[in-house]
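Q: Here you go, one structure.
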Amino acid sequence: MKNYTSINEIENINSWIEEAKEIKENPLKNKDLGKNKTLGLLFFNSSLRTRLSTQKAALNLGMDPIVMNVSGDAWGIEFGDGTVMNGNTAEHIKEAAAVVSQYCDIIAVRAFPSLTDKEKDESEQVLNSFKQFASVPIVNMESATGHPLQGLTDAITISEYSTKKKPKVVLSWAPHVKALPHAVGNSFVQAMQKMDVEFVIANPEGYDLNPEITKDTPIYHNQEEAFKDADFVYTKNWSSYETYGKILEVDENWTITKDKIGNAKFMHCLPVRRNVVVEDAVLDSDNSIVIQQANNRTFAAQLVLKKILEEL
Amino acid sequence: MKNYTSINEIENINSWIEEAKEIKENPLKNKDLGKNKTLGLLFFNSSLRTRLSTQKAALNLGMDPIVMNVSGDAWGIEFGDGTVMNGNTAEHIKEAAAVVSQYCDIIAVRAFPSLTDKEKDESEQVLNSFKQFASVPIVNMESATGHPLQGLTDAITISEYSTKKKPKVVLSWAPHVKALPHAVGNSFVQAMQKMDVEFVIANPEGYDLNPEITKDTPIYHNQEEAFKDADFVYTKNWSSYETYGKILEVDENWTITKDKIGNAKFMHCLPVRRNVVVEDAVLDSDNSIVIQQANNRTFAAQLVLKKILEEL
Amino acid sequence: MKNYTSINEIENINSWIEEAKEIKENPLKNKDLGKNKTLGLLFFNSSLRTRLSTQKAALNLGMDPIVMNVSGDAWGIEFGDGTVMNGNTAEHIKEAAAVVSQYCDIIAVRAFPSLTDKEKDESEQVLNSFKQFASVPIVNMESATGHPLQGLTDAITISEYSTKKKPKVVLSWAPHVKALPHAVGNSFVQAMQKMDVEFVIANPEGYDLNPEITKDTPIYHNQEEAFKDADFVYTKNWSSYETYGKILEVDENWTITKDKIGNAKFMHCLPVRRNVVVEDAVLDSDNSIVIQQANNRTFAAQLVLKKILEEL
């Protein structure tokens, strides 16, 4: 594999899940694969799970991780083509990506969307610029429109916890105080569309995700209806896609409660705002598998790095 | 050993000191003990010695250190129970601690007190929340009320430099321009109470440390009297404990001078404000062992990590 | 070698260049040399290339790099002698340098000039204080007046790309929107003065570099004249040295264009502001060797670290 920037780069999700489970059983088996190889982790935004689990994955493969907070540690990066750089940016991505490629064998990048300029966000300028100008493989640690390491993690977790041949999985929007990106929702949708599950989405009107991603996945604007017989309730807030980046008023209470989910397993990518997105009673119950889910971040990242290292 | 969060977790300080000295003589002896193990260093506050020496200790044991500035790199963490998280905090410690436990084999945490809310500081909310919600051992890299890696360092250093069977050790308050925590003072008191030394404290009136910690250790409000025949003068500023977190007016000059300490060895945990806490003439003389003391931070941390690794 | 703080510490630049090329051909040959040795990288300022390439160099030698942003991660450092430290600085360099020396086998430091106080900048207070108070070797990762890892990199690159026995090398000033240091220019001048090249400098009037550094190197105030028959055009902005730290008005357009450089190779230390310092047409042409130049940062750093490690 060259790059891992989208769930769509996974050809056969079931074989990936099986390989991830093998890695999880014996995480140090490929400790020599990444020897003398460096992974550059470039953060344009905050990170806890991604930062730690991707480093852990690299270490399990014998790689040397090098972490950099691009904004704080280095220079403002320019992405525009032909820009006269007499403003706040000091280095063009053409140079930055090409240069970092010479110090790192793989580059992992996190860069959130603006949520103010839909077209620009959808162009995935940062991620695609790295793909274009770097000479080494690029891993997406959450971009403007996708979080494929999370989506792969989620697929692994659902496979692990499923007790049915074809479980029902619901992706439910939930409230939040800040305008959040669509990346996690998008990648989860794409992962579920590749799995053998009954998959539906629940969100208030005005909060439908990008129809080019949801495609023919059923979307309910009634949470209760969507949750009926659910085996997994995956929860995530996102800002409006139609009224791009805005928080719309919602009449009903979409906070996830124990009553609502019944016996379904509760999933969330974390961080989660307790008693806003989901009540304590859910997170503190056995229904919640958010911690186990987060654990799989290591093995999803390790699988991706392994696949890339094998073709270096 | 499970956690190392307080000097009180040291059962026999003399045997610990001996083991630390053995480590110092041959720091790479246990290079295989921490192989394929990660130490997460989580900083809520600034650090130089702790940051570097704890990493060095981990490396000496073959561990992989992963450093994170929690505030800058990740999300605001909520510690309140049952909080409706619609404010500035984005992740609850319940999730954060449990998740990080899955990427790190040991978690080391630094979190200073508010110095405005005595009860909250004494509850050691951050440290105790990590102990409660993490599933791996916790090491205290300075909490609201204690700095046990420093206290252990100090015990080792006094043992190394003592030329008497029972030296006289004075902990002396000294002036400072900012309100500082009691953590270093507290842990030093607890360490000295466990050692075979004549131990007294000197501080201005109003600056007595927590009596539940000082217990029956003699407290002098007259520096000269306390310093009589001292073999070691350990200096540290702290804000008032009674008038919690405040800087009180002090009549005499408590700055440490060469005249005051005579032949005693001068110790300080560093960083130290020259010519405020102590005059240059002391720090630049052979009486000062602050640099050698700081060197022992590595071996104190290495001893603690070794003891934890041996029981993982 | 003890320290590497200036190009002037290179006795025979040709033998250094040859050794760097050998390292480049087989970068992992000395992987055991730095085993169990730590390199402390202390940044008082931003960095991308230096941060990554110096870590990469250390890893190639088997060292453990420990990175610290001094300002953000640790305490404000005081450099004044005899200062009463009742202001914003919390730790004196005397302690900081001596302490860090005990955790790191080599210390690398980056500290930019003020550009407001010429005398203070030329005293190289930060770098020289580390040299004075540290007990381990110091590597200059760009100081107030020099960037010798860059200068060595540049010498290696010119040697690699030269097709003549004695190529003509021009260092050309170019415009910029911010007042920049003289460090890169100075070290490049010093490196070229040691090599067998025809070396001239081109800059507008008022922008002559320190004459104690340029010595008898020809300085042209006419860019076109200087560029005649050039094989290499090395471009860099710097603020005025005479009118210290100021941006002066310049009549002509000194931006580097394809027309101006003809067949010469284009070099720049990066980051570079496109279409201000140099037009896109140059950077995107085969004449530009800025990326290859940046790659040599690793091998310059590795050579320096190797020479220091060999004498530890």
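Q: Within the bounds of the range A:240-260, is there any residue that is within 15 Å of the chain's Cα centre (by Cα) and under 22 Å from B:N86 (Cα atoms)?
A: no
Q: Identify, by number, the condition in (1) crowded, with 21+ Cβ neighbours inside 10 Å; (2) within 7 Å of chain A (Cβ to nearest Cβ) that B:V139 doesn't meet.
A: (2)
Q: Ok, one more. When you check A:V84 against the structure, is it at pLDDT 95 or above, in the same structural domain as A:L127 (by TED's automatic domain parsing), over 21 Å from the mean Cα position of the chain (by Cα) and crowded, with 22+ Cβ neighbours inside 10 Å, yes or no?
A: no
Q: Please go through the range B:20-46 and give me each residue that is touching a residue at least 40 places away in the same chain (Cβ under 8 Å) and touching a Lys or Arg at 6+ places or on another chain (Cβ under 8 Å), ordered by number.
A: B:I23, B:N30, B:L33, B:T38, B:L41, B:L42, B:F43, B:F44, B:N45
Q: Please identify the pairs in which a residue from the range A:125-147 that is closer than 18 Å to A:L312 by Cα and touching a residue at least 24 places away in the same chain (Cβ under 8 Å) has its Cβ atom under 7 Å from the Cβ atom of a residue that is in a helix (DSSP H, G or I) and of a type in the set (D, E), counting only partners at least 6 apart or on another chain.
A: Final answer for the pair search is none.
Q: Still on this structure: Quick check, is C:L59 surrounded by fewer than 21 Cβ atoms within 10 Å (Cβ to Cβ) and more than 10 Å from chain B (Cβ to nearest Cβ)?
A: No.
Q: For the range A:5-49, give me each residue that is of a type in the set (A, V, I, L, M, F, W, C), closer than 20 Å to A:N60 by Cβ and either within 14 Å of chain B (Cβ to nearest Cβ) or more than 18 Å from the chain's Cα centre (by Cα) (or both).
A: If the condition is that a residue be of a type in the set (A, V, I, L, M, F, W, C), closer than 20 Å to A:N60 by Cβ and either within 14 Å of chain B (Cβ to nearest Cβ) or more than 18 Å from the chain's Cα centre (by Cα) (or both), then A:I23, A:L28, A:L33, A:L39, A:L41, A:L48 are the ones that fit.
Q: Go through (1) surrounded by 15 or more Cβ atoms within 10 Å (Cβ to Cβ); (2) part of a loop (DSSP other than H, G, I, E, B); (3) in contact with a Pro (Cβ under 8 Å, 6 or more places away or on another chain); (4) touching a residue at least 60 places away in the same chain (Cβ under 8 Å) for B:K2 and report which single condition fails.
A: Here B:K2 meets the rest and fails (1).
Q: What number of residues in the range C:279-312 are facing chain A (nearest Cβ under 10 Å), touching a strand residue (DSSP E or B) at 6+ places or on another chain (Cβ under 9 Å) and of a type in the set (A, V, I, L, M, F, W, C)?
A: Residues in the range C:279-312 being facing chain A (nearest Cβ under 10 Å), touching a strand residue (DSSP E or B) at 6+ places or on another chain (Cβ under 9 Å) and of a type in the set (A, V, I, L, M, F, W, C): 2 in total.
Q: Only one of B:Q125, B:Q102 is more than 9 Å from chain A (Cβ to nearest Cβ) and of a type outside the set (S, T, Y). Can you tell me which?
A: Answer to the check: B:Q125.
Q: Only residues that are assigned to a loop (DSSP other than H, G, I, E, B) and within 24 Å of C:R110 (Cβ to Cβ): list them for the range C:19-52, please.
A: C:P27, C:L33, C:G34, C:K37, C:F44, C:N45, C:S46, C:S47, C:L48
Q: Of all residues in the range B:62-78 being in a loop (DSSP other than H, G, I, E, B) and either at pLDDT 95 or above or facing chain A (nearest Cβ under 7 Å) (or both), which is surrounded by the fewest Cβ atoms within 10 Å (Cβ to Cβ)?
A: Step by step, filter the range B:62-78, then rank; the result is B:G62.
Q: Which of the residues belonging to the range B:135-168 are closer than 30 Å to B:N263 by Cβ, in contact with a helix residue (DSSP H, G or I) (Cβ under 9 Å, 6 or more places away or on another chain) and β-branched (V, I, T)?
A: B:T153, B:I156, B:T157, B:I158
Q: Of all residues in the range A:118-168 being part of a helix (DSSP H, G or I) and acidic (D, E), which is nearest to A:A301 (Cα to Cα)?
A: Result: A:D154.
Q: Inside the range C:81-93, can you point out the residues that are within 7 Å of chain B (Cβ to nearest Cβ) and either within 10 Å of B:V272 (Cβ to Cβ) or assigned to a helix (DSSP H, G or I) (or both)?
A: C:M85, C:A90, C:E91, C:H92, listed by residue number.
Q: With C:A155, C:A174 as the choices, which residue is surrounded by 22 or more Cβ atoms within 10 Å (Cβ to Cβ), farther than 28 Å from C:N275 by Cβ and not aromatic (F, W, Y)?
A: Only one candidate qualifies: C:A155.
Q: Could I ask something else about it? Does A:T54 count as at the interface with chain C (Cβ under 7 Å from one of its Cβ atoms) and hydroxyl-bearing (S, T, Y)?
A: no
Q: Would you mention how many residues in the range B:167-214 are closer than 21 Å to B:A144 by Cα and hydrophobic (A, V, I, L, M, F, W, C)?
A: 15
The values are calculated or read from the model by the stated rules, or taken from the named source; none is laboratory data. What you see is a predicted model; the values in this text were computed from it and never measured. Cβ sites come from the backbone with ideal geometry, for glycine too, and all protein chains shown count toward neighbours.
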